[in-house]
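Taking it in order: structure first as structure tokens, then the write-up.
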Amino acid sequence: MNEMEIFDNNGQETYRSIRNSVIAAQGKVYSTVNSAMVNAYWEIGEQIYKACGENDRAEYGKNLLQYISDRLTVEFGKGYTVRNLRNMRQFYLMFPIRHTLCTELSWSHYRVLMRISDKTARDFYTEECAKSAWSVRQLERQIHTMYYQRLLASRDKESVAAEIQTTEPKPEYEKAVKDPYVMEFLQIKPDTHVYESDIEQALLDHLQEFLLELGRGFSFVARQKRFTVDGQDFFIDLVFYNYILKCFVLFDLKTGTLTHQGLGQMQMYVNYYTRELMNEGDKPPIGIVLCAEKNDAIVKYTLPEDNDQIFASKYYTYLPTEEELKRELRLDGFRKLED
């Protein structure tokens, strides 16, 4: 290797190292500025609330906000309109405990979160947004597709509550399974006939969006995972690993109505993974059959009563209306009550 080649290699390596340092420094600066801004807006909201209480639209409150807005705008420029000051006051009221503010979230994130009136849902989205590093756009999508409600509808609250009393509770698999799944990012128009292989390919083409829909902890492992039993080949559509649950998650795609054969097939896949492919420290795998239409009676009478590894979920390849999602969740709730 001549001197010029050595220089080129060392130069590129040095450049990459310096570039990474610059990017890391920029990230820290942005994070620091963002955190300072969020805290400043919280303080402003607190002071406005203390000055005029909740009734900031009365004559005194309106005059005070306009006065503060005018003075701040002259001194610091845009961003301090009366409307924005009211948003800061609302920010303080909705997040009254300062130390619970997430430094990872921007003011734009919090403005979206403030649209959620239900405190429990708002707290859930705040925590998930921070842990999953959602962008503002991703946060808006998760709220619009009722991520919280869909996840909540999938949980068996009674069994989860009972597990708290045990010394070694089972993995809360249902916390990672939603019903339905909304996959509008596949860009498949409603009522369009597609093959299972088409959906599988589309999911891989939009893997980042699919991982967002799946939730925290998922990483992609394999497509068309092949295994052989007694000379016969079988293929699992998609395999993921969830590092929070510490288990493999197997997906089988069905473009039609769920059948007992589909559930039986998934049971076989899960049994094979349980007996042959689990690593040390893994929890038992789970299987999710994604289907265009789901028959809950088929699920109920195909799977054993103590089943906690096989799930069936409906999927939408388009963005349903809020009323459609609510109707789906209401029906799911009624079915669980009947069970």
Within region 122-140, which residues are touching a helix residue (DSSP H, G or I) at 6+ places or on another chain (Cβ under 8 Å) and basic (Lys, Arg)? Arg122
On the basis of being modelled with pLDDT under 70 and hydrophobic (A, V, I, L, M, F, W, C), does Ile143 make the cut? no
Which ones in region 127-151 are surrounded by fewer than 18 Cβ atoms within 10 Å (Cβ to Cβ) and under 19 Å from Gly217 (Cβ atoms)? Glu127, Glu128, Ala130, Lys131, Ser132, Ala133, Ser135, Gln138
Could you list, in sequence order, all residues of region 202-220 that are assigned to a strand (DSSP E or B) and surrounded by 18 or more Cβ atoms within 10 Å (Cβ to Cβ)? Phe218
Quick check on this structure: which one of Phe91, Phe76 is surrounded by 17 or more Cβ atoms within 10 Å (Cβ to Cβ) and on the phi < 0 side of the Ramachandran plot? Phe91
Check whether at least one residue in region 242-256 is at pLDDT 95 or above and β-branched (Val, Ile, Thr), and report yes or no. yes
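Evaluate the following for Leu64: is it at pLDDT 90 or above, in contact with a Cys (Cβ under 7 Å, 6 or more places away or on another chain) and surrounded by 14 or more Cβ atoms within 10 Å (Cβ to Cβ)? Walk me through how you get there before you give the answer.
Numbers: at pLDDT 90 or above: no; in contact with a Cys (Cβ under 7 Å, 6 or more places away or on another chain): yes; surrounded by 14 or more Cβ atoms within 10 Å (Cβ to Cβ): yes.
Spelling it out, it is not the case that Leu64 is at pLDDT 90 or above, in contact with a Cys (Cβ under 7 Å, 6 or more places away or on another chain) and surrounded by 14 or more Cβ atoms within 10 Å (Cβ to Cβ).
Looking only at region 172-184, which residues are part of a loop (DSSP other than H, G, I, E, B) and not β-branched (Val, Ile, Thr)?
Matches in region 172-184: Glu172, Lys178, Asp179, Pro180, Met183.
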Cβ-Cβ below 6 Å, separation at least six or inter-chain, first residue in region 185-197 and assigned to a loop (DSSP other than H, G, I, E, B), second among the hydroxyl-bearing types (Ser, Thr, Tyr): which pairs? Ile188/Thr317; Pro190/Tyr318
Can Glu46 be described as surrounded by 13 or more Cβ atoms within 10 Å (Cβ to Cβ), touching a helix residue (DSSP H, G or I) at 6+ places or on another chain (Cβ under 9 Å) and not in a helix (DSSP H, G or I)? no
Can you pull out the strands (runs of 3 or more DSSP E) entirely within region 221-317 that have at least 2 residues that are surrounded by fewer than 21 Cβ atoms within 10 Å (Cβ to Cβ) and without any contact (Cβ under 8 Å) to a residue 12 or more places away in the chain? 232-242
In region 188-201, how many residues are over 20 Å from Ile288 (Cα atoms) and exposed (fewer than 12 other Cβ atoms within 10 Å of the Cβ)? 5
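The values are calculated or read from the model by the stated rules, or taken from the named source; none is laboratory data. Quick caveat: nothing in here was measured; it's all calculated off a predicted structure. Quick reminder, even Gly has a Cβ in these numbers, built from the backbone with ideal geometry, and neighbours come from all protein chains shown.
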